[in-house]
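Structure, as structure tokens:
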Amino acid sequence: MESSDAVAALSALAHDTRLGLFRLLVQAGDAGMAAGDIAEQLDVAPSTLSHHLTQLEQAGLIVARRKSRHIFYGIIVENVSALLSYLTEECCAGRPELCGIAAAQADISSC
């Protein structure tokens, strides 16, 4: 991942509503969520939601797909993974334990 792509992704996530939206879509998994359901869950107006969805789409973190009359949104796993890898390599000097990642992975493995 290029530095400029990481900056765009992190900038898009640097807003309470967009971060909440991103977390909601991560939890939704592969199925994603319909825009109306997202607006309801986050208690935001459709026009406001549209703005935030656009920001995350332009940053390459989420994608929209039409199903019948609804638009579903989901994360782009490859791009999110690339962002996390970039942060680990560039910001943690290739040492995930500096970022607490090793401890988090150990916790997950013990579940």
Being modelled with pLDDT under 95, farther than 23 Å from residue 28 by Cβ and of a type in the set (Ser, Thr, Tyr) narrows it down to one residue among 109, 68; which is it? 109
In this structure, is residue 43 within 28 Å of residue 69 (Cα to Cα), surrounded by fewer than 12 Cβ atoms within 10 Å (Cβ to Cβ) and touching a residue at least 40 places away in the same chain (Cβ under 8 Å)? no
crowded, with 17+ Cβ neighbours inside 10 Å and touching a residue at least 40 places away in the same chain (Cβ under 8 Å): does that describe residue 38? no
Regarding residue 90, is this residue at pLDDT below 90, exposed (fewer than 13 other Cβ atoms within 10 Å of the Cβ) and not in a loop (DSSP other than H, G, I, E, B)? yes
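Matching residues to (1) charged (D, E, K, R); (2) touching a residue at least 12 places away in the same chain (Cβ under 8 Å); (3) surrounded by fewer than 13 Cβ atoms within 10 Å (Cβ to Cβ):
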site: 10; (1), (2), (3): no, yes, no
site: 18; (1), (2), (3): yes, yes, no
site: 30; (1), (2), (3): yes, yes, yes
site: 33; (1), (2), (3): no, yes, no
site: 53; (1), (2), (3): no, yes, no
Scan region 43-91 for residues that are over 11 Å from residue 6 (Cβ atoms) and among the acidic types (Asp, Glu) and jot them down. 43, 57, 78
Which residue out of 84, 25 is surrounded by fewer than 16 Cβ atoms within 10 Å (Cβ to Cβ) and in a helix (DSSP H, G or I)? 84
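The values are calculated or read from the model by the stated rules, or taken from the named source; none is laboratory data. These figures come from a predicted structure and were not determined experimentally. With ideal geometry, Cβ positions are generated from the backbone for all residues, glycine too; neighbour counts draw on all protein chains shown.
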